[in-house]
């Protein structure tokens, strides 16, 4: 099993990888997709991006909720917002996300992911009244969402969809957002989480 490469590097198709999600708190492993993909990551977050859909939603996004903050308004400007000024992710991050304007979500279900207890919602995102361009990283109106201590600022676009899990890894909360793109579900099924020691 290989260690994950540096951010923005390609993954070897079908290869198993492992490393820490958050240094000292949560480790993860997964098997890379069979289609070309790249990884983006820093302490507390990891994305796997399908090379053929690089401008779309990641195949999978993983966030350490213990070190993640959230947008305080659906009109938050990501470019002008700082992590320290925003509230921590709530205890029920799925309910928070499901209540955002433009989000249509199914009822929360109790399940497992990567052998760990989890809650999950399926969701779709649509445009909403007064939606603005929340970031210069896109030219489209967007819905601001999660902020990590390492500087990742996430947003959603109309048409994004997936299944969002809140996983308890020995009591440590981790968010896993699995898109509807081909290969995302298999990637999620290959996940394992552990805590050091």
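The values are calculated or read from the model by the stated rules, or taken from the named source; none is laboratory data. Treat the numbers as computed from the prediction; the structure is a model and nothing was measured. Counting neighbours? That spans all protein chains shown, and the Cβs are built from the backbone with ideal geometry, glycine included.
Does the range 125-139 contain at least one residue that is surrounded by fewer than 21 Cβ atoms within 10 Å (Cβ to Cβ) and within 26 Å of residue 31 (Cα to Cα)?
Within the range 125-139 (the criterion being surrounded by fewer than 21 Cβ atoms within 10 Å (Cβ to Cβ) and within 26 Å of residue 31 (Cα to Cα)), the answer is no, since none of the residues qualifies.
Regarding residue 83, is this residue within 16 Å of residue 153 (Cβ to Cβ) and in contact (Cβ under 8 Å) with a residue 24 or more places away in the chain?
For residue 83, the condition - within 16 Å of residue 153 (Cβ to Cβ) and in contact (Cβ under 8 Å) with a residue 24 or more places away in the chain - is met.
Go through the range 78-106 and give me each residue that's closer than 19 Å to residue 125 by Cβ and modelled with pLDDT under 95.
78, the sole residue that qualifies.
Please go through the range 53-91 and pick out each residue that is touching a strand residue (DSSP E or B) at 6+ places or on another chain (Cβ under 7 Å), in a loop (DSSP other than H, G, I, E, B) and under 18 Å from residue 140 (Cβ atoms).
Residues satisfying the conditions are 57, 58, 71, 74, 76.
Looking at this structure, is residue 149 surrounded by 15 or more Cβ atoms within 10 Å (Cβ to Cβ), closer than 26 Å to residue 28 by Cα and touching a helix residue (DSSP H, G or I) at 6+ places or on another chain (Cβ under 9 Å)?
For residue 149, the condition - surrounded by 15 or more Cβ atoms within 10 Å (Cβ to Cβ), closer than 26 Å to residue 28 by Cα and touching a helix residue (DSSP H, G or I) at 6+ places or on another chain (Cβ under 9 Å) - is met.
Quick check on the range 53-71. Is at least one of its residues in contact (Cβ under 8 Å) with a residue 60 or more places away in the chain, more than 17 Å from the chain's Cα centre (by Cα) and closer than 28 Å to residue 193 by Cα?
no
Quickly run through the range 92-110 and pick out the residues that are touching a strand residue (DSSP E or B) at 6+ places or on another chain (Cβ under 8 Å) and assigned to a loop (DSSP other than H, G, I, E, B).
Scanning the range 92-110 gives 92, 100, 101, 102, 106, 107, 108.
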